[in-house]
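This report concerns only the one structure given below.
The values are calculated or read from the model by the stated rules, or taken from the named source; none is laboratory data. None of these values were measured; they are calculated from a predicted model. Don't worry about glycine lacking a Cβ; one is built from the backbone with ideal geometry, like all the others, and counts go over all protein chains shown. What goes into the accessible areas is simple: the full protein's heavy atoms, side chains included, and nothing from ligands, DNA or RNA. Shrake-Rupley method; radii C 1.70, N 1.55, O 1.52, S 1.80 Å.
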Amino acid sequence: MPELNFQVTGVETAARGVTPLLHFKIRATNSPPDHPIQAVLLNAQIQIQCPQRSYNPREKQNLVELFGPPEEWGKTLRNRLWAHANSTVGAFNDRTESILPIPCTYDLNVASTRYFYGLEGGEVPLLFLFSGSVFYSAPDGRLQVSPISWNSECTYRIPIEVWRSLMEQQYPNTAWLSLQRDAFDRLYAFKRRHSIITWEQTIERLLQNERNEKGRGPRSAEPEEVTA
């Protein structure tokens with residue numbers, strides 16, 4: 001029975017795609033190579049190894065929503081699930097290269113997106129946990145199938161700039177915000193009521209109202225009339 005080992009050797013953004021995609025380059029090695037591999041149905045769970053990197057003060061502030069105050073990170077900073085992905089690897093004997101496509105989202109309600117968005121630079125350590133099925137030829141020529149070993153895994157550090165360039169490529173100078181329907185209806189009513197053309201102008205109006213309220217400060221009490 002063949003024993004496959006997997007290694008991530010690189011990553012690049014997909015040139016074209018309906019949704020944002022990162023293409024991770026996977027090297028599969030057949031050890032020993034005496035059972036020709038006919039195909040591999042490869043599944044992968046990708047986790048973000050959050051404790052395996054350092055964070056500057058601004059990044060810590062950006063990630064408070066995910067992990068709480070930095071003084072509690074010793075208990076709250078844990079691996080986070082990023083994605084599940086799958087790929088089909090063609091026939092080979094010794095080793096081969098394949099692509100593992102990972103769809104990405106810019107929805108800031110998704111924890112992994114908020115994590116990537118909150119980082120200013122450096123690399124993101126990833127853990128790939130592989131599973132799936134291997135189809136191979138037995139010595140007598142019969143087709144056999146076996147599961148990928150449960151302990152098949154590898155690590156890879158992706159530069160945050162790769163993810164950021166993908167988002168800029170798909171959504172130039174844009175960020176996504178998902179609202180519950182009742183909140184959106186109230187915002188839409190405010191937009192219509194004030195005859196505001198764009199959503200950006202709507203948000204700017206609300207932010208300006210908040211700035212104006214802060215600028216006024218607390219209302220002082222009217223001076224009491226004093227009678228001599």
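What the table below lists for this structure:
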| read-out | value |
| --- | --- |
| Taking the range 63-126 and dividing mean pair separation by its residue count, relative contact order in percent (alpha carbons under 8 Å, at least six apart) | 33 |
| GluC sites (Glu not before Pro) restricted to the range 117-209 and DSSP loop, no more than 16 other C-beta within 10 Å | Glu120 |
| Heavy atoms of Leu66: accessible area, 1.4 Å probe, square angstrom to 10 | 20 |
| Mean residue ellipticity (222 nm) of the chain, computed from DSSP H runs ≥ 4 via -39,500 (n - 2.57), nearest 500 | -8000 deg cm²/dmol |
| Leu207 versus Glu161: modelled label distance in nm, points set 7 Å from Cα along the beta carbon direction | 2.7 |
| Rounded tilt (10° steps) of 199-216 against the dominant C-alpha axis of the chain | 50 |
| Accessible heavy-atom area order of Leu179, Leu166, highest first, probe of 1.4 Å | Leu179, Leu166 |
| Positive-end residue, the chain charge dipole about Cα centroid, Cβ charges, pick of Trp82, Ala138, Thr13 | Thr13 |
| With eigenvalues of the C-alpha gyration tensor scaled by 5 and rooted, the chain, Å | 53, 21, 14 |
| Area of Arg142 that stays accessible when all protein chains are in place (1.4 Å probe, Å², to 10) | 150 |
| Those lysines that a straight Cα-Cα span of less than 22 Å connects to Lys60, excepting residues fewer than 8 apart in one chain | Lys75 |
| From phi via Karplus (6.51, -1.76, 1.60), per-residue ³J(HN,Hα) for the range 108-115 in Hz, x at Gly/Pro | 6, 7, 8, 4, 5, 5, 4, 5 |
| Neighbour net charge for Pro20 - beta-carbon separation under 13 angstrom, K R +1, D E -1 | -1 |
| With every protein chain in place, the range 1-85: carbon and sulfur % of accessible area (1.4 Å) | 47 |
| Under 5 Å, built H, 5+ apart or other chain: amide partners of Val11 | Lys25 |
| Other-chain or far-sequence residues with amide H under 5 Å of Ser149's (modelled H) | Leu4 |
| Accessible area (Å², 1.4 Å probe, nearest 10) - Asp140 | 100 |
| Eligible lysines near Lys191 by straight Cα distance, threshold 25 Å, same-chain separation 8 or greater | Lys214 |
| Length added when fully stretched, Met1-Ser31, from 0.36 nm per residue minus Cα-Cα | 9.8 nm |
| Label-point separation, Ile197 to Asn173 (7 Å along Cα→Cβ), nm | 1.5 |
| Dipole magnitude of the range 1-145 about its Cα centre (Cβ charges: Lys, Arg +1; Asp, Glu -1), debye to nearest 20 | 180 |
| The range 1-103, relative contact order in percent, only Cα pairs under 8 angstrom and at least six apart counted | 39 |
| Mean accessible surface per residue for the chain, computed with a 1.4 Å probe while every protein chain stays in place, in Å² | 64 |
| Sequence-distant aspartates and glutamates (8 or more away, or on other chains) whose Cα lies within less than 15 Å of Lys25 | Glu12, Glu97, Glu153 |
| Whole-Å distance, taken between Cα centres, linking the range 44-75 and the range 87-154 | 24 |
| Debye, to nearest 20: dipole size of the range 74-198, +1 on Lys, Arg Cβ, -1 on Asp, Glu Cβ | 720 |
